[in-house]
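Peer 1: Just passing along the structure, written as structure tokens.
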Amino acid sequence: MSESSRNAVLARIRQGLAAGPAQLPPRPDFAAPVHPPLGNADPVVAFAESFQRVGGEFYYCESLPHLAVQLAGFRQRQQVGIPFVWEPELQALLYKAGVAFRADETEFIEHADLSLTSCEALVARTGSVLVSGATGSGRRLSIYPDQHLVLARPSQVVAEIGDALQVMQTRYGAQPPSMVSLTTGPSRTADIEKTLVLGAHGPRRIALFLLEDDAELLSA
């Protein structure tokens, strides 16, 4: 290094030292929310918008007859058979609505083109469906079939993922389910040559039927 270059470097160092230590960055407010407010003040509407944005199909059902019509229309459009339904509560609800279903595992591997399960919670922020292995559907019914239907209620909608996890904590305490899955849209990947493929690791289609909390009373 030449003398002039050395003097220039030392001059910049002296100038920096004379200015004193650098200011500390502002202290973050850990109590402040991470995300901005939801785009819609109604969390149910916000969920429906987010769910459709990530590729899900959303169907609103005001009563059990309406649910039956919506399910029949979906099956006709997709040209699929009756769904596998293993949860006793869902079976009783569908029976009351007059909807046919497969209640056991007969020919499940060969004909698992459609399933219908419940869920633990719905996340408005991300349009995600939180399912677990604690229900009668177990681990397989939300993962193995080609198309996954979910029956949920407006009261199950929460704003954030953290709220959904709090629901699980309250419901199961120190004995959480062995499997918890946060499903956001249909299964998809673009790992191979950046070509989007649906159904890579799970159902290639997910549809949610949101049944009003008082639908049974409205249908009476």
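The values are calculated or read from the model by the stated rules, or taken from the named source; none is laboratory data. The structure presented is a predicted model; accordingly, all values stated were derived computationally and were not measured. All Cβ positions, glycine included, derive from the backbone under ideal geometry; neighbour counts span all protein chains shown.
Peer 1: Among the numbered conditions (1) over 30 Å from residue 152 (Cα atoms); (2) under 26 Å from the mean Cα position of the chain (by Cα); (3) among the small types (Gly, Ala, Ser), tell me where residue 20 comes up short.
Peer 2: Looking at each condition in turn, residue 20 falls short on (2).
Peer 1: Is it fair to say residue 47 is over 30 Å from residue 104 (Cα atoms), in contact with a Leu (Cβ under 7 Å, 6 or more places away or on another chain) and touching a residue at least 24 places away in the same chain (Cβ under 8 Å)? Please lay out each step first, then the result.
Peer 2: Details: over 30 Å from residue 104 (Cα atoms): yes; in contact with a Leu (Cβ under 7 Å, 6 or more places away or on another chain): yes; touching a residue at least 24 places away in the same chain (Cβ under 8 Å): yes.
Answer is yes for this residue.
Peer 1: Just checking, which of 162, 133 is surrounded by fewer than 22 Cβ atoms within 10 Å (Cβ to Cβ) and free of Cβ contacts under 8 Å to residues at least 12 places away in the same chain? Please lay out each step first, then the result.
Peer 2: On the way: 133 fails: free of Cβ contacts under 8 Å to residues at least 12 places away in the same chain.
Of the residues listed, the single one that is surrounded by fewer than 22 Cβ atoms within 10 Å (Cβ to Cβ) and free of Cβ contacts under 8 Å to residues at least 12 places away in the same chain is 162.
Peer 1: Scan the stretch 102-145 residue by residue and report those that are aromatic (Phe, Trp, Tyr) and closer than 29 Å to residue 158 by Cα. Steps first, please.
Peer 2: At the first step, the residues of the stretch 102-145 found to be aromatic (Phe, Trp, Tyr) are 108, 144.
The answer is 144, and nothing else.
Peer 1: Report yes if residue 162 is at pLDDT below 95, over 12 Å from the mean Cα position of the chain (by Cα) and not in a loop (DSSP other than H, G, I, E, B), otherwise no.
Peer 2: Numbers: at pLDDT below 95: yes; over 12 Å from the mean Cα position of the chain (by Cα): yes; not in a loop (DSSP other than H, G, I, E, B): yes.
When the stated conditions are applied, residue 162 passes them.
Peer 1: Also: Can you pull out the residues in the stretch 124-159 that are closer than 19 Å to residue 52 by Cβ, of a type in the set (A, V, I, L, M), over 11 Å from the mean Cα position of the chain (by Cα) and assigned to a loop (DSSP other than H, G, I, E, B)?
Peer 2: Result: 159, single match.
Peer 1: Need at least 2 residues that are farther than 22 Å from residue 186 by Cα and at pLDDT 95 or above per element, so show me which helices (runs of 4 or more DSSP H) inside the stretch 64-123 make the cut, counting only ones lying wholly within it. I'd like the intermediate steps shown before the answer.
Peer 2: Numbers: elements: 64-78, 88-97, 108-111.
Fully inside the stretch 64-123 and qualifying: 64-78, 88-97.
Peer 1: Here is a follow-up. Please verify whether the stretch 115-122 includes one or more residues that are without any contact (Cβ under 8 Å) to a residue 60 or more places away in the chain, in contact with a Gly (Cβ under 9 Å, 6 or more places away or on another chain) and under 30 Å from residue 41 (Cβ atoms).
Peer 2: There is at least one residue in the stretch 115-122 that is without any contact (Cβ under 8 Å) to a residue 60 or more places away in the chain, in contact with a Gly (Cβ under 9 Å, 6 or more places away or on another chain) and under 30 Å from residue 41 (Cβ atoms).
Peer 1: Let me ask you something else. Give all pairs with beta carbons closer than 7 Å in which a residue from the stretch 78-107 that is within 16 Å of residue 142 (Cα to Cα) meets a residue that is in a helix (DSSP H, G or I) and modelled with pLDDT of 95 or more; count only pairs at least 6 apart in sequence or on separate chains.
Peer 2: 85/91; 85/94; 101/91; 101/94; 103/91
One line per residue, one yes/no per condition, for (1) basic (Lys, Arg); (2) loosely packed, with under 14 Cβ neighbours inside 10 Å; (3) under 19 Å from residue 146 (Cα atoms):
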position	(1), (2), (3)
11	no, yes, no
41	no, yes, no
45	no, no, no
63	no, no, no
86	no, no, yes
94	no, no, no
99	no, no, no
